[in-house]
1. For region 1-12, give me each residue that is closer than 15 Å to residue 200 by Cβ, touching a residue at least 12 places away in the same chain (Cβ under 8 Å) and assigned to a helix (DSSP H, G or I).
2. Quick one: which of 184, 191 is farther than 30 Å from residue 292 by Cβ and buried (at least 23 other Cβ atoms within 10 Å of the Cβ)?
3. Hey, can you tell me all the residues within region 282-341 that are modelled with pLDDT under 85 and part of a loop (DSSP other than H, G, I, E, B)?
4. Looking only at residues that are modelled with pLDDT under 85 and under 21 Å from residue 117 (Cβ atoms) in region 228-244, which one is surrounded by the fewest Cβ atoms within 10 Å (Cβ to Cβ)?
5. Given the structure, is residue 105 in a helix (DSSP H, G or I) and either modelled with pLDDT of 85 or more or surrounded by 14 or more Cβ atoms within 10 Å (Cβ to Cβ) (or both)?
6. Say whether the condition of being surrounded by fewer than 24 Cβ atoms within 10 Å (Cβ to Cβ), in contact with a strand residue (DSSP E or B) (Cβ under 7 Å, 6 or more places away or on another chain) and farther than 22 Å from residue 150 by Cβ is met by at least one residue in region 273-287.
């Protein structure tokens, strides 16, 4: 890590901190707020939305500055085309999120923006899964068309994971920050050493931590639809452009990902819609129903994500597979026990 990197990281942090205050004032003025209902929304008073605008703004501004003023992002495998597709997709999510926060779009309409965001990343940016690590042999090379399909599924999955995770103060933001940090540390390791990816991930980390100061319990502002989806998109893209480090993202995001899968399974069995996010059948809500406080739940998620994320720095591919299996068992035990209460 080069000494000058501290400048863009700190700039991303402060732009996020200051930008959040500006966005909050705008949201309050325009009455774009989330009202408590004591069913799924337990905050004490109406809380401004649109926080994701500040995260995207700080991340994109600093990224473009580094891209324009240095060669740090052009010395590796990331290209200008990647950045164009990536940032366009993020902007689509933010704009769609603003519209959703104002008009509360039904799922069948909000998914339009999610799809439109992923397409530029793939077809303009050329972001795609080129190979899959094989813990038992050589990497599996992915053909171009199959790569597009897998990347589309992967990014949509990550977007909806953080969208549904955003149910408690600071939860999605904190997990996203941990994910970005783990990507950066892995990219700085001697086994991979991708300084371009590392700096991009650290800029994302700075932006997310800056917003987390306002978003941790009790939240001063919420991410909103755009922010909650952008975080998943951000982590998903980082995993792909860093050389298909999907296992790393899955270990950090494992609990939320498995939670989404279990919720889908339960809703299909009960013949309920899998697209509605308003249900209380997510793990963080079930933990809350046991009497656990919001801060404690967030810290538990952070601890699990950080613990399993650190394993990616020291484990080989087959060991990561074992770690994923252990994570699955932990989630299964939690889900089964809590669903009986």
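The values are calculated or read from the model by the stated rules, or taken from the named source; none is laboratory data. Everything numeric in this text was worked out from a predicted model, so none of it was measured. Here the Cβ is made from the backbone with ideal geometry for all residues, glycine too, and neighbour counts use every protein chain on show.
1. 5, 8, 9, 11, 12
2. Sole residue among the options that is farther than 30 Å from residue 292 by Cβ and buried (at least 23 other Cβ atoms within 10 Å of the Cβ): 184.
3. As a first pass, look at region 282-341 and keep what is modelled with pLDDT under 85: 282-291, 308-309, 311-341.
Within region 282-341, 282, 290, 291, 315, 316, 340, 341 qualify.
4. Among residues in region 228-244 that are modelled with pLDDT under 85 and under 21 Å from residue 117 (Cβ atoms), the one surrounded by the fewest Cβ atoms within 10 Å (Cβ to Cβ) is 244.
5. No, not satisfied.
6. No, there is no match, as no residue in region 273-287 is surrounded by fewer than 24 Cβ atoms within 10 Å (Cβ to Cβ), in contact with a strand residue (DSSP E or B) (Cβ under 7 Å, 6 or more places away or on another chain) and farther than 22 Å from residue 150 by Cβ.
Condition check ((1) in contact (Cβ under 8 Å) with a residue 24 or more places away in the chain; (2) more than 22 Å from the chain's Cα centre (by Cα); (3) assigned to a loop (DSSP other than H, G, I, E, B)) across all residues:
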site	(1), (2), (3)
25	no, yes, no
36	no, yes, yes
86	yes, no, no
89	yes, no, no
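To keep it simple, each residue is scored yes or no on (1) surrounded by 14 or more Cβ atoms within 10 Å (Cβ to Cβ); (2) modelled with pLDDT of 75 or more; (3) closer than 30 Å to residue 319 by Cα.
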| site | (1), (2), (3) |
| --- | --- |
| 109 | no, yes, no |
| 112 | no, yes, no |
| 119 | yes, yes, no |
| 125 | yes, yes, no |
| 131 | no, no, yes |
| 136 | no, no, yes |
| 141 | no, no, yes |
| 144 | no, yes, yes |
| 147 | yes, yes, yes |
